[in-house]
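The block underneath contains the structure these notes are about, expressed in structure tokens.
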Amino acid sequence: MARKILWIDDEVDLLKPHIVFLENKGYSVKPINNVNEALEILDYEKFELVLLDENMPGISGLEAIPMIKDKDSSLKIVMVTKSEEESIMEEAIGSQISDYILKPVNPNQILLSLKKNLQEDDLVEAKTIQGYQSDFRNLSLELSYLRTYEDWAEYYKKILNWEIKFDKVFDNEFSDLLQSQKEEANIQFAKFIEKNYEDWLNGNAEKPMMSHTLFKDVVKKEVENEKVLLLMVDNLRYDQWKVIEPLFTKYYNKVSEDYYYSILPTATQYARNSFFAGLLPSEIEKRFPDKWHNDNEEGNKNEHEGFFLADQMQRLGLSDKTIKYLKILNSDYEKKILDEFNQYKNIDLLVIVYNFIDILSHAKTDNNIVNQLIRDDKTFRSLTSNWFENSSLIKIIKLAAENGFKLVLTTDHGTIYVKKPSKVIGDRETSTNIRYKTGKSLTYEDKDVWAIDKPEKIYLPKSNLSSKYIFAKNNTFLAYPKNYNHYVNYYKETYQHGGISLEECIIPICVLEPK
């Protein structure tokens, strides 16, 4: 079916060659030489786009824009003008035109604007599918040749790039195929972690940046030279960072973007404490026995992060720097920080831990409305972007840029959409996490987990001498046999963390400077 165009121009008789050209390209064009008649036609006839001359006798093009929008707010308007005056362009764009074309126009110029405004989704979808079809075989072959942590990070970013592109594609067939490739990649990634993780921690192999070295490797040099806002967004996956990045780059230029590997378990208690302490979990327990709580012990597991950070700063020779540590757990406190930001503008290292995404991922498990809103990774990305766009945090970021703060943005771990249950049996002292367990009596499916019989080898504390850890692999979650069906139905297709997957382990670290 031809796409219907309304062309409003007082010299419309001179446009017949252009109209014929567009009709030969499959468009249906209705030419009208004044705004009043066009408004009457819009009362009973539907169009997809209006080509609107800016300079007409009577009602001008600029005056006509709100009138046309009153008739149909979704109607796209392309302004045709011979004026290049900035004020006219600003007024037209502010009136929500979709595009503008400068006179004298040529047919191809008009055709390009029509395609951009009416067929962009179709063209993007076709191009995305064509590109993925070409890359599908390469991704499959490349998986067999991944050997290093750099290889895995780059491969994961390629997968995410296609995932984000598929967010704009209506046809889910190829998106499902991509998900299958990611699942296969996660199976192989778990084998890679099993083979290399212990060596990384014990200095027997070249290792990536990790939770316990990240502050020293990246943040330290920034704090030495400039005042820094360190934004720790709890549970932020790499794909979520990519969709919210444009909100931050309104006010900041990106100096660098890198990745690092979260330690295991990929859970806040372990990974974030390690980041702030600059130590691995068993090292924290040994240095601060009164401030480390094991899984089966009472107490807030992350209440001493500010203390750990101050200790690390002293060890790194940064004790002369002023620090302010803030943790945002709700929108009221977020707004309070925004309102009181002036009192922080001279701090050398301002740390904000932002818990929204972690709260959102847990809410999918416990809240039916959120569960309906987040149906998959695509909708999770969309909701994340929408929240940040309307949050007080972005206003805080704007103020930080205006006050000269360099921005270091990172996270403690990611999260994965779990689908497959795996039975595990433990005693009453066994931890409750869905993606990892620690305890002294664990029975499990070997194929679904990586089991660590001697936690001290990977610097994990033990509640007792016979404690072990197991980490779920791929998109598996750990379920108890008791009330198994209820347990599975409750946690299936929710977001969990603590185990081994690309989504949980490979996470962003970015440095940005004010514009």
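Translational diffusion coefficient, Stokes-Einstein: compute it for region 346-464 using the Kirkwood radius over C-alpha pairs as Rh, at 37 °C and 0.692 mPa s, and state it as an integer in µm² s⁻¹. Value of D from the Cα-based Kirkwood radius: 180 µm²/s. Every pair of different Cα atoms in region 122-201 enters the Kirkwood calculation, which places the hydrodynamic radius at 13.6 Å. Remark: ARG435, ARG272, ARG237, ARG147 ranked as ARG147, ARG272, ARG435, ARG237, counting other beta-carbon atoms within 10 Å and listing the fewest first. Each DSSP beta bridge with both residues in the chain is either parallel or antiparallel, and the antiparallel ones are about 40%. Couplings 3J(HN,Hα) of region 258-267, computed from phi: 9, 10, 9, 9, 5, 6, 9, x, 7, 9 Hz, in residue order, whole Hz [Karplus 6.51 cos²θ - 1.76 cosθ + 1.60, θ = phi - 60°; x for Gly and Pro]. Based on alpha carbons, the Rg and Dmax found for region 3-118 are 12.8, 36 Å. Note on ASN55 and LEU75: their simple-model spin labels are 2.4 nm apart, each label 7 Å out from Cα toward Cβ. Per residue of the chain, the DSSP helices (runs of n ≥ 4 H) give a summed -39500 (n - 2.57) that works out to -13500 deg cm²/dmol at 222 nm.
If I take R0 = 41 Å and measure r between the Cβ atoms of ASP258 and GLN372 in this structure, what FRET efficiency does the formula 1/(1 + (r/R0)^6) give, to the nearest 0.05? It comes to 0.70.
Placing a label point 7 Å from the Cα of TYR480 along the Cα-to-Cβ direction, the residues of region 416-454 whose backbone N falls under 19 Å of that point are 421-445.
Suppose every K and R has +1 on its Cβ and every D and E has -1 on its Cβ; what is the size of the dipole of the chain about the Cα centre, in Debye to the nearest 20? If you can, show how the numbers build up before the last one.
On the way: 67 positive and 83 negative charges, 380 e Å.
Approximately 1820 debye in magnitude.
Taking a quarter of the surface of the Cα convex hull of region 213-254 gives a mean projected area of 3.7 nm².
Which ordering of ASP339, ASP320 is given by a fewest-first count of other beta-carbon atoms within 10 Å?
By the 10 Å Cβ count, ascending: ASP320, ASP339.
Listed by Cβ neighbour count within 10 Å, with the fewest neighbours leading, GLU305, GLU298, GLU226, GLU504 appear as GLU298, GLU226, GLU305, GLU504.
Taking 0.36 nm per residue of sequence separation and removing the Cα-Cα distance, the LYS291/SER441 pair yields an extension gain of 51.4 nm. Using 15 Å as the cut-off for backbone N distance, which residues of region 312-326 belong to the label zone defined by a point 7 Å from the Cα of ASP348 along Cα→Cβ? Output list for this probe position: 312-325.
Quick one: Cα centre-to-centre distance for region 414-477 and region 223-285, in angstrom? Spelled out, the Cα-based centre of one part sits 25 Å from the other. Extending 7 Å from the Cα toward the beta-carbon at both ILE425 and LEU329 defines two label points whose distance is 3.8 nm. Applying a threshold of 27 Å to the alpha-carbon distances of LYS447/LYS482; LYS16/LYS115; LYS165/LYS406; LYS157/LYS324 flags LYS165/LYS406; LYS157/LYS324 as lying beyond it.
Rg/Rh for the chain (Cα atoms only, Rh after Kirkwood) is 1.07.
Every number in this text was worked out from the coordinates using simple rules, so none of it is lab data. In this text, all values refer to a predicted model and were calculated from it rather than measured experimentally. Every residue, glycine among them, receives a Cβ derived from its backbone with ideal geometry; neighbour counts consider all protein chains shown.
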